[in-house]
């Protein structure tokens with residue numbers, strides 16, 4: 001089963017949710033490529049795209065958090081750095097192997113897919129809730 005964006009991942013911020021859909025779609029494409037053809041070049045290309053898009057997405061999230069003076073910004077940014085390191089480790093693993101091995105796919109699922117889903121459901125939802133509370137308090 002490949003990564004799928006579903007209603008449990010909705011934060012309520014359209015821009016962030018659309019970016020999460022894109023990220024998860026790219027993860028699913030990488031999972032599928034690893035399973036179906038085990039081609040190293042394809043896996044490297046998809047992992048590179050995932051890394052680039054992740055940087056773009058994290059920058060957007062961090063800018064949003066700075067703009068609203070989110071109190072958990074530093075911790076959230078630390079989480080993003082952990083994810084970046086995990087993707088770098090996957091790059092190293094892929095370079096060392098002849099292609100995407102079963103070990104690589106397991107690591108991809110644990111360090112990217114599972115991490116991202118937990119992050120969205122926890123950290124990103126907290127940001128969305130904080131944003132909604134601020135917006136509602138300004139209305140009152």
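Report yes if residue 79 is within 12 Å of the chain's Cα centre (by Cα) and farther than 30 Å from residue 98 by Cβ, otherwise no. Considered against the rule, which asks whether it is within 12 Å of the chain's Cα centre (by Cα) and farther than 30 Å from residue 98 by Cβ, residue 79 comes out as yes.
Checking each residue in region 22-44 for being loosely packed, with under 15 Cβ neighbours inside 10 Å and closer than 13 Å to residue 105 by Cα picks out 32, 35, 36, 37, 39. Only residues that are surrounded by 14 or more Cβ atoms within 10 Å (Cβ to Cβ) and part of a helix (DSSP H, G or I): list them for region 1-21, please. Within region 1-21, 9, 16, 17, 19, 20, 21 qualify.
Picking from residues in region 96-117 that are loosely packed, with under 14 Cβ neighbours inside 10 Å and in contact with a helix residue (DSSP H, G or I) (Cβ under 8 Å, 6 or more places away or on another chain), the one that is farthest from residue 27 (Cα to Cα) is 98.
Every read-out reported here was derived from the displayed coordinates using simple, explicitly stated rules and does not represent laboratory data. Since this is a predicted model, take the numbers as computed values, not measurements. Neighbour counts run over all protein chains shown; Cβ positions are idealised from the backbone, glycine included.
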